[in-house]
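Novice: This is the structure I have questions about; it appears just below.
The values are calculated or read from the model by the stated rules, or taken from the named source; none is laboratory data. Bear in mind the structure is a predicted one, so any value in this text is a computation, not a measurement. When we count neighbours, we look across all protein chains shown, and the Cβ atoms used for this are built from the backbone with ideal geometry, even at glycine. Each accessible area value is taken on the protein alone, full model and side chains, heavy atoms only, with ligands, DNA and RNA left out. Shrake-Rupley method; radii C 1.70, N 1.55, O 1.52, S 1.80 Å.
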Amino acid sequence: MMREGWYFEDYEVGREIKSSSRTVTEADIVNFAGITGDWNPIHTDEEFAKKSVFGRRVAHGTLTFAIMTGLFARLGIIERTIVAFYGVDRLRFVRPVFIGDTLTAVARIVDKEDRGNAGMIVMEASVVNQRGEVVLTGTVRFLVKKRGEVG
C-alpha cells in the first residue's frame, strides 16, 4: 500500500525539511546528457574540462535541480497528494557540483495559499554538498490536495 503525502493543511509556514543524501556519479552525468541532448564538453569531456575554470567536469546545473526534486520526492511528502508542480523562481546555481559530491536538499516553507480545491505551497529550497556549501537555491511552488478533496 502506498502511503499518502502531506495535504495542504499539514504544511506549516516556518517548518524546515531536510532530505537524505545522494552522491553524484559519472553515470548520472552521462545519462542526463543522453536524456537532454546536452553534451557540452564541460560536463562530458575530461580533457576539455581540465582546461576550464573548474579544472574538471561539472554536473549540469539542471541535473542538480533534478536531483533536488528527486530527493524531496523520496521524503514522501507529495506522494499521491501533489496536484501540479507550479514552478521555480530565482533558481540559481551558486557553486559547481562535481562527480563524487554528495548532495542534500533542504527547504523552509515560507508561504501557503488556499486555491479553492487545492493549496499552493511555497518553499525556499537549496541543495548543499558534503562540505555544507550551498550549490543551488530557488523558490519552489507546487499545488497539493486539501484534505477531503477528490482527485
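Novice: Can you tell me which residue within segment 24-33, out of those that are assigned to a helix (DSSP H, G or I) and open to solvent by 50 Å² or more (accessible area, probe 1.4 Å), is farthest from Arg56 (Cα to Cα)? Walk me through how you get there before you give the answer.
Specialist: Kept after step one, since they are assigned to a helix (DSSP H, G or I), are these residues of segment 24-33: 26-33.
Then drop every residue that is not open to solvent by 50 Å² or more (accessible area, probe 1.4 Å), which leaves 26-27, 30-31.
Numbers: Glu26: 12, Ala27: 16, Val30: 15, Asn31: 18 Å.
Filtering segment 24-33 for residues that are assigned to a helix (DSSP H, G or I) and open to solvent by 50 Å² or more (accessible area, probe 1.4 Å), the one farthest from Arg56 (Cα to Cα) comes out as Asn31.
Novice: Same structure again: Out of Val83, Val122, I need the residue that is among the β-branched types (Val, Ile, Thr) and in contact (Cβ under 8 Å) with a residue 24 or more places away in the chain. Which one?
Specialist: Val83
Novice: Identify the single condition in (1) open to solvent by 40 Å² or more (accessible area, probe 1.4 Å); (2) more than 15 Å from the chain's Cα centre (by Cα) that Thr81 does not satisfy, given that it satisfies every other one.
Specialist: Single failed check for Thr81: (1).
Novice: Out of Gly148, Gly87, Gly76, report the one residue that is out of contact with any helix residue (DSSP H, G or I) (no Cβ under 8 Å at 6 or more places or on another chain), open to solvent by 60 Å² or more (accessible area, probe 1.4 Å) and of a type in the set (Gly, Ala, Ser).
Specialist: Gly148
Novice: Considering only segment 54-65, state which residues are surrounded by fewer than 16 Cβ atoms within 10 Å (Cβ to Cβ) and outside any loop (DSSP other than H, G, I, E, B).
Specialist: Within segment 54-65, just Thr62 meets the criteria.
Novice: Right, something else. If I filter segment 90-99 down to residues being open to solvent by 40 Å² or more (accessible area, probe 1.4 Å) and part of a loop (DSSP other than H, G, I, E, B), which single residue comes out as farthest from Arg57 (Cα to Cα)?
Specialist: Only one residue tops the list, namely Val94.
Novice: Restricting attention to segment 66-100, report how many residues are among the polar types (S, T, N, Q) and closer than 21 Å to Val128 by Cβ.
Specialist: Number satisfying all stated conditions: 1.
Novice: Would you mention how many residues in segment 114-140 are in a strand (DSSP E or B) and open to solvent by less than 60 Å² (accessible area, probe 1.4 Å)?
Specialist: Number of matching residues: 17.
Novice: Can you find a residue in segment 36-53 that is in contact with a Lys or Arg (Cβ under 8 Å, 6 or more places away or on another chain), in a helix (DSSP H, G or I), polar (S, T, N, Q) and surrounded by 16 or more Cβ atoms within 10 Å (Cβ to Cβ)?
Specialist: Yes.
Novice: With modelled with pLDDT of 95 or more, touching a Gly at 6+ places or on another chain (Cβ under 7 Å), hydrophobic (A, V, I, L, M, F, W, C) and closer than 18 Å to Ser20 by Cβ as the only criterion, which of Ala105, Ala125 stands out?
Specialist: Ala125
Novice: Closer than 16 Å to Leu103 by Cα and either touching a residue at least 60 places away in the same chain (Cβ under 8 Å) or not β-branched (Val, Ile, Thr) (or both): does that describe Gly76?
Specialist: Answer is no for this residue.
Novice: Would you be able to say whether some residue in segment 82-99 is β-branched (Val, Ile, Thr) and closer than 17 Å to Lys18 by Cβ?
Specialist: no
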